[in-house]
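J.: First the structure, which I've put down as structure tokens, then a few questions once you've had a look.
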Amino acid sequence: MTAWIEMISDEDASPRLKQLLDQARTPHGTVDTVMRVHSLRPETMHGHVALYRSVLHSDDNKLPFWFLEVVASYTSILNDCTYSLTHHFMNVRNLLKDQPRSDRIFTALKAHRPEDEFDGKELALLRYAAKLTVSVGKMVKSDFEALKIAGCDDGEILEVNQVCAYFNYSNRLLNGLGATTEGDVVGYYKA
């Protein structure tokens, strides 16, 4: 587990930090660097865990989980955040269970050409996420209306908006603190 910022180990953690580290543990029983970088200010970790789980792991989400992970990965590609891309594209692979399709999706996203693998509603949502990431100040009502025309309902738009917004936050946290995946168990799912 590496980053430029000091990170407090489980052994040196205060009781409150220990509690929050336990809440941040993955199914592997580890605390990934993305959460551990908050250890000097534990309440930000608490907020981060709550935001992450509510955005990406809510039972209220209607879009397929694998597609939300694609949105996360594309946002991370656009932000050049290797940490998030490594973790979340592994989730895409694990969820799809289709290596050739996963490879095609990865190639299309890395080329900034989601249209090579997606169409319809999914393509419209990926284009929305891209503009929200790279040109947020240029968002206009017609960007939203294009999603409606493509068949998205407001709840689906909100899901992608929140995943994209969360990963823009997280990518900046990770890149700004020099976080790496070294020592992390990559991907949310056990093999």
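J.: If you wrap a convex hull around the Cα atoms of the stretch 1-97, how much volume per residue is inside, in Å³?
T.: 112 Å³
J.: Oh, and also: Please state, rounded to one decimal and in Å, the Kirkwood hydrodynamic radius that the stretch 65-176 gives when every pair of distinct Cα atoms enters the mean of 1/r.
T.: Values: mean 1/r = 0.0717 Å⁻¹.
Its Kirkwood hydrodynamic radius stands at 14.0 Å.
J.: What residue among ASP116, ASP80, ASP12 has the largest mean-square fluctuation in a Gaussian network model of the chain, using Cα springs under 10 Å?
T.: Per the Cα network of the chain with a 10 Å cutoff, ASP12 tops the list.
J.: If you only keep lysine pairs separated by 8 or more in sequence, or across chains, how many in the stretch 15-130 come under 26 Å at the Cα atoms? Please report the intermediate quantities before stating the final value.
T.: On the way: LYS62/LYS97; LYS62/LYS110; LYS62/LYS121; LYS97/LYS110; LYS97/LYS121; LYS110/LYS121.
Taking the stretch 15-130 as the scope, the lysine pair count is 6.
J.: Additional query: Where in the chain lies the longest segment free of GluC sites (Glu not before Pro) that are both loop residues by DSSP (not H, G, I, E, B) and have at most 15 other Cβ atoms within 10 Å? Numbers along the way, then the final one.
T.: Working: sites that count: GLU6, GLU11, GLU182.
Segment 12-181 is the longest.
J.: Follow-up question, since we're still on this one. Quick one, what does Rg over Rh come out to for the chain if you take C-alpha atoms and the Kirkwood Rh?
T.: The Rg/Rh ratio comes out at 0.98.
J.: Which of the helices in the chain, when you take each full DSSP H run, stretch at least 15 Å along the axis at their Cα atoms and have an average Kyte-Doolittle score of -0.5 or higher?
T.: Working: long enough: 42-56 (21 Å, 0.03); 65-78 (20 Å, 1.42); 82-96 (21 Å, -0.07); 99-110 (16 Å, -0.84); 120-134 (21 Å, 0.44); 154-176 (32 Å, -0.23).
Qualifying helices: 42-56, 65-78, 82-96, 120-134, 154-176.
J.: Per 10 Å bin, what is the whole-percent P(r) computed from every C-alpha pair distance within the stretch 147-191?
T.: 22, 32, 29, 17, 1
Every number in this text was worked out from the coordinates using simple rules, so none of it is lab data. Predicted, not measured: the structure shown is a model, and the values here were computed from it. For neighbour counting, all protein chains shown are included, and Cβ atoms are generated from backbone atoms with ideal geometry for every residue, glycine included.
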